[in-house]
Amino acid sequence: MLKKFPDNFLWGGATAANQYEGAYNVDGKGLATSDMLTAGTVDKVRRITPILESNEYYPSHEAVDFYHRYKEDIALFAEMGFKTFRFSIAWSRIYPNGTDTEPNEMGLQFYDRVIEELKKYDIEPLVTISHYEPPFACTEEFNAWESRRMIDCYVTYAKTVMERYKADVKYWITFNEINSLTRPVGAYLEAGMLVDDSGTFNNMEVDSTQLRYQALHHQFIASAKVVQLGKKINPDFKFGCMITYHCNYPYTCSPEDIFLAQQEDQMGNFYCSDVQVRGEYPSFAKRFWEENNVSLAIQDEDLDIIKKGTVDFYSMSYYQPTTVSAKNEGLETVYGNIVGGVKNPYLKASEWGWEIDPLGLRYSLNHIYSRYQIPMMVVENGIGARDEFVNKTVEDDYRIDYLEAHIEAMWQAIQDGVDLIAYTPWGCIDLVSASTGEMEKRYGFIYVDKDNDGQGTLDRFRKKSFFWYQDVIKHNGLSVK
Ligand code: BG6
């Protein structure tokens, strides 16, 4: 017996240019914000260096060199049976400074080649237009998304790639994890904004809520403009928002904890997707702005643009839930993807402290779908783990267990009535970690020989999970144990 997924379900994997491509200054590419981030670890934060330092190691610069190895990698994805492949276009490969009048033809030709190769194997491209890699020149010139100027830069760039790939790309995600900008860490990571000159990535101490929410407003307009423009370029295009979704659990059944969980859900999860899916700011936004001294500069036409540029599908990353407590004194805290909370006594965690909760995925899919009722995609999920490379492979049963439990949860959600159409686990091939810059926090089905100091051959090897995922895709589901 099989826990079968719907016909034409899009099984695949996900990556992002800055963590995967390398070739950071090749063929005319400009510097991206991600290129200025040094390597860190779980205990050592990455630094933002406004000027590249010769004695520093920058993991994005070579990453795992997809730029030169795309044929080999796509052949491996095809061997697993991928139906789709999520990748981002490096904005500064196309517009090196963000403000250029002409695109960089060499950059466009790279994605021509990638898309051509995907087509060869019938793999549907799923393109993220902006994934944590705005051109750094925009940061230097006008602090990136702080400025309305960034809207035009983004629309020009998106127009170029949508026109170029209009025949071959159908699915577009406008911004990766747009709601990371509701948290201080999103300021530089997602929006390329330097809040001060501390030079510290993940800096929670220095923050400007005003700046982040204004930047989000600019991104909502940019996203909506691109949706409208894209539908003119090709009416068959499908656009998605992308939310890092955390189901919020109250630590106890006290009404205060339950209410706090609801508030976190509203502002952390739904603020952005309500705008992008429903086309308007949610009812709870006004009070949040007032209480947090946020005064948005909204021009006359903005709300109309947002209204007319709603997305077709909802996509999300899901790594862990967040547990919240109104009285958290004395409680142990944990930190996961972008968001932290109190330790949940019922959950185990990865070595990096990210809690593991497959049922939370079923809960989340149901919760979100009942709000929007549009097709959904899980475009990131997975476990970052230290792999032991022995005899040219990795026996990664822990990864198989993790993914199997999450696939089972998705299957259950589909039985619950959720219209889930795609699953692209994160880092289907080992790549650079966004939060720590490490290589050794690995997610892949494919092992890449490279360590945290940048040493290694970059050769690729199939892990045990490679063959397991191949079997899942072949059977379009899980065998019932
Ligand atoms: C998401 C991002 O936040 O999580 C990815 O969209 C990132 O870019 C992924 O890599 C996993 O996080 P990390 O920090 O383990 O790489």
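Please list the non-local residues whose amide H lies under 5 Å from the amide H of Gly30, H modeled 1.01 Å from N, same-chain partners needing a gap of 5 or more.
HN-HN under 5 Å from Gly30: Arg93.
Could you provide, to the nearest whole Å², the per residue accessible area of the chain with probe 1.4 Å? Intermediate values should be presented prior to the final figure.
Working: 18740 Å² over 481 residues.
In whole numbers, the chain has 39 Å² accessible per residue.
Zone of Ile51 (label point 7 Å along Cα→Cβ, backbone N under 20 Å): which residues in segment 128-166?
Label zone hits: 136-143.
With a 1.4 Å probe and every protein chain kept in, tell me what percent of the accessible surface of segment 2-479 is carbon plus sulfur.
On the way: 8860 of 18290 Å².
Carbon and sulfur atoms account for 48 percent of the accessible area of segment 2-479.
Determine the calculated [θ] at 222 nm for the chain from helices alone, applying -39500 (n - 2.57) to every DSSP H run no shorter than 4 residues and normalising by the residue count; nearest 500 deg cm²/dmol.
Working: 14 runs with 161 residues, N = 481.
Helix-only estimate at 222 nm: -10500 deg cm²/dmol.
Can you give the net charge of the other residues whose Cβ lies under 12 Å from the Cβ of Asn328, counting K and R as +1 and D and E as -1? Spell out each step's value before the answer.
Numbers: positive: Lys327, Lys343; negative: Glu256, Asp257, Glu329, Glu332.
Residues near Asn328 contribute -2 overall.
Could you tell me the distance between the Cα centroids of segment 403-441 and segment 452-473, to the nearest Å?
16
Over what distance in Å are the Cα centres of segment 101-136 and segment 16-32 separated?
Spelled out, the Cα-based centre of one part sits 12 Å from the other.
As an exercise, identify the GluC sites (Glu not before Pro) in segment 386-481 lying in DSSP coil whose Cβ has no more than 13 other Cβ atoms within 10 Å.
Working: sites: Glu388, Glu395, Glu404, Glu408, Glu438, Glu440; in loops: Glu388, Glu395, Glu438, Glu440.
Filter output for segment 386-481: Glu388.
Got a sec to turn the phi values of segment 62-78 into Karplus ³J(HN,Hα) couplings, 6.51 cos²θ - 1.76 cosθ + 1.60 with θ = phi - 60°, whole Hz, x for Gly and Pro?
Karplus values, whole Hz, x for Gly and Pro: 10, 6, 10, 6, 4, 3, 9, 10, 4, 5, 4, 5, 5, 5, 5, 4, 5.
From Cα coordinates alone, what are the radius of gyration and Dmax values for the chain in angstrom?
20.9, 63
Let me check something: with ligands and nucleic acids excluded, how do Glu301, Glu355 order by accessible area (1.4 Å probe), largest to smallest?
Numbers: Glu301 90, Glu355 10 Å².
Highest to lowest solvent-accessible surface, that is Glu301, Glu355.
Please arrange Thr200, Thr424 by accessible surface area, largest first, computed with a 1.4 Å probe and ligands excluded. Could the numbers behind the result be given before it?
Working: Thr200 50, Thr424 0 Å².
Highest to lowest solvent-accessible surface, that is Thr200, Thr424.
In whole Å, what is the distance between the alpha-carbon centres of segment 34-61 and segment 274-348?
28
By per-residue mean of other Cβ atoms within 10 Å, what is the highest-first order of 221-229, 155-163, 52-60? All intermediate terms of the calculation are to be shown ahead of the outcome.
Details: 221-229: 23.2, 155-163: 18.9, 52-60: 15.3.
Listed from highest to lowest mean packing, they are 221-229, 155-163, 52-60.
Would you mind putting 83-90, 287-294 in packing order, based on average other-beta-carbon counts within 10 Å, highest first?
83-90, 287-294
At a threshold of 8 angstrom on Cα-Cα distance, excluding pairs fewer than six apart, so keeping six or more, what relative contact order does the chain reach in percent? Display every interim value, and only then the final one.
Values: 999 pairs, mean separation 89.1, N = 481.
This gives 19 percent for the chain.
Give me the percent of DSSP beta bridges within segment 2-479 that run antiparallel, rounded to the nearest 5. List each step's numbers first, then the result.
On the way: 15 of 49 bridges.
Among the beta bridges of segment 2-479, antiparallel pairing accounts for roughly 30 percent.
If you restrict to DSSP beta bridges whose two residues both lie in segment 287-440, what percentage is antiparallel, to the nearest 5?
Working: 5 of 12 bridges.
That works out to approximately 40 percent antiparallel.
Within 10 Å, count the other beta carbons around each residue, average over each peptide in 133-144, 342-353, and list them highest first. Each step should come with its number before you reach the end.
Working: 133-144: 23.1, 342-353: 14.6.
Result, highest mean first: 133-144, 342-353.
Could you tell me whether segment 210-311 comes out rounded, prolate or oblate from its Cα gyration tensor? Rule is a ≥ b ≥ c as square roots of the eigenvalues, rounded for a/c under 1.5, then prolate if a/b exceeds b/c, otherwise oblate.
Details: a/c = 3.10, a/b = 1.65, b/c = 1.88.
In terms of gyration-tensor shape, oblate.
Would you tally the net charge around Ala158, using a Cβ to Cβ cut-off of less than 13 Å, leaving Ala158 out, and scoring K and R as +1, D and E as -1?
Values: positive: Lys159, Arg164, Lys166, Lys225, Lys231, Lys232; negative: Asp152, Glu163.
Neighbour charge sum, excluding Ala158 itself: +4.
Tally Lys and Arg at +1 and Asp and Glu at -1 over the other residues with C-beta under 15 Å from the C-beta of Asp236: what net charge comes out? Walk me through the intermediate numbers first.
Working: positive: Lys166, Lys170, Lys231, Lys232, Lys238; negative: Glu124, Glu163, Asp168, Asp312.
Charge balance in the 15 Å sphere: +1.
The values are calculated or read from the model by the stated rules, or taken from the named source; none is laboratory data. Values in this document were obtained by computation on a predicted structure and should not be read as measured data. Every residue, glycine among them, receives a Cβ derived from its backbone with ideal geometry; neighbour counts consider all protein chains shown. Note: areas computed on protein heavy atoms with side chains; ligands, DNA, RNA excluded. Shrake-Rupley method; radii C 1.70, N 1.55, O 1.52, S 1.80 Å.
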